[in-house]
1. What does the charge count near residue 411 come to, summing +1 for each Lys or Arg and -1 for each Asp or Glu among other residues with Cβ under 13 Å from its Cβ?
2. Loop only per DSSP, at most 10 neighbouring Cβ atoms within 10 Å: give me the trypsin sites (Lys or Arg not before Pro) in the stretch 1-88, ordered by residue number.
3. For the chain, what are Rg and Dmax over the alpha carbons, in angstrom?
4. Among DSSP beta bridges lying fully in the chain, give the percent that are antiparallel, nearest 5.
5. Could you state the accessible area per residue of the stretch 332-405 in Å², with a 1.4 Å probe and every protein chain left in place?
6. Show which lysines lie in cross-link reach of residue 183 when reach means a straight Cα distance below 22 angstrom and same-chain residues fewer than eight apart are skipped.
7. What lysines does residue 300 reach when the alpha-carbon gap must be under 30 Å and sequence neighbours fewer than 8 apart in one chain are set aside?
8. Please report, in debye to the nearest 20, how large the charge dipole of the chain is about its Cα centre when each Lys and Arg carries +1 at its beta carbon and each Asp and Glu carries -1 there.
Amino acid sequence: MNYIYSKVSSETKFFGNTDPIQLSEKYETPLYVYNENILRKRCRDLKGLISYSNFTVNYSLKANSNLELIKIVRSEGLRVDAMSPGEIYLNMLAGYKPKEVLFISNNINEDEFNYAIRAGVNISVDSVSQLDLFGKINPGGRVAFRLNPGVGAGHHEKVRTAGKKTKFGIEMSSIPEVKRIIKEYNLKLIGINQHIGSLFMDSEAYLTSTGNILSIARQFDDLEFIDLGGGFGIPYNKQSNQPRLDLKELGGKLSEVINSWVLEYGKDIEFKIEPGRYIVAESGILLGKVNAVKTNYNIKYIGTDLGFNVLIRPVMYDSHHDIEIYRGNATSSLKEETVTIVGNICETGDIIAKDRKLPEIIENDILGVLDSGAYGYSMSSNYNNRLRPAEVLLDADGNPRLIRRRDTLDDLIRNFIL
Ligand code: LLP
């Protein structure tokens, strides 16, 4: 086994008792590989974020909803959120009790409200209009609402979910209407939540928004929880030594604010956060195979099976993922060159890494796309009628186990009326 360019995964002993070549031979590519130890470590990092004792971490499974991974997260004592009836269903299947689930709804219909009410999960609404609908369906019911605290954060405008230019949450000036509807339908307001956006590496906006939600929460007497949201970033540029988010500093500041707010409020209500990416991103490496190498008008293309149906983040948000190179035989690559790594989808935008300086890549190399555990498989599709990949878990002892099989051709036609 000759790892050509694999510093990050070697340092974390990511592949345990196996290696990427063996995995790609046994399970084929493209293949998502997850490391259980890293997943558990990230759950523990966030459980220890603040010193306040009534603190809960809700895993946001939109980042990765593989049932086996949810079960591991649950065994670490995390709770969960849900964005849809499908996510409520999966959470129950993973063993969560209804009251451990917070359904953060967004523009849902009456049937979806009824599904969540019958399931018995906690429900948060995203607008005054949806609060009114909830009140009509379920007068006297328990409900939370999502606040838009006026500040957003995030790695791309598409994922900034608070502030003045987003569909999410109830703006602060609408609070009087919220109060009126709560009174009209005799609702019990159990909590207020927010989520300002995805992937911040600097915690200033998170702290500002925490101040804003706390000032609104003070106006309601009988809350059970306040949810500050997710968005905790991870360093995607590990090969260039990008520093991690300073959780110690953020946790210290949050603990201070929360402890003093609670004293004033007079009740040690629950505080939640709802991270997705931070929990799972680093526990996943996507393996793909180099099928062709060519130069077109001075650009060298590395043609792989990593189409954007498998990992859409680079195409959708221009996201960077570090790339590793693994080779089964003894030839090593000495010279570096600038290449563009592409997939097998019929669109020019099907690029996984553009103008990347890497050791020379040759046909049949296996590539590892780092930090692809979050928003990788969960955003994959069958575009071009390609099959979605398999997923393998490397357990705590470093041994691989298949946790989702690759699609088959039959899966492609499953819903047709034949
Ligand atoms: N809570 C709510 C209400 C959310 O909408 C999200 C993410 C989260 C929590 C978790 O955020 P996280 O901790 O993972 O940043 N597909 C994009 C990210 C979209 C995030 C959507 N909402 C990406 O690949 O970067």
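1. Numbers: positive: 386, 388, 404, 405, 406, 414; negative: 407, 410.
Here the charged neighbours net out to +4.
2. Working: sites: 7, 13, 26, 40, 41, 42, 44, 47, 62, 71, 74, 79; in loops: 13, 62.
Loop-located and lightly packed - none at all.
3. 22.8, 74
4. Working: 32 of 68 bridges.
Beta bridges within the chain, antiparallel portion: roughly 45 percent.
5. Values: 3370 Å² over 74 residues.
Ligands and nucleic acids excluded, the figure is 46 Å² per residue.
6. 136
7. 7, 26, 238, 289, 335, 354, 357
8. Values: 51 positive and 53 negative charges, 54 e Å.
Using Cβ point charges on Lys, Arg, Asp and Glu, the chain gives about 260 debye.
The values are calculated or read from the model by the stated rules, or taken from the named source; none is laboratory data. These figures come from a predicted structure and were not determined experimentally. Methodologically, a virtual Cβ is constructed for each residue, glycine included, from the backbone with ideal geometry; neighbour enumeration extends over all protein chains shown. To get the accessible areas, we keep the full protein, side chains included, count just its heavy atoms, and leave off ligands, DNA and RNA. Shrake-Rupley method; radii C 1.70, N 1.55, O 1.52, S 1.80 Å.
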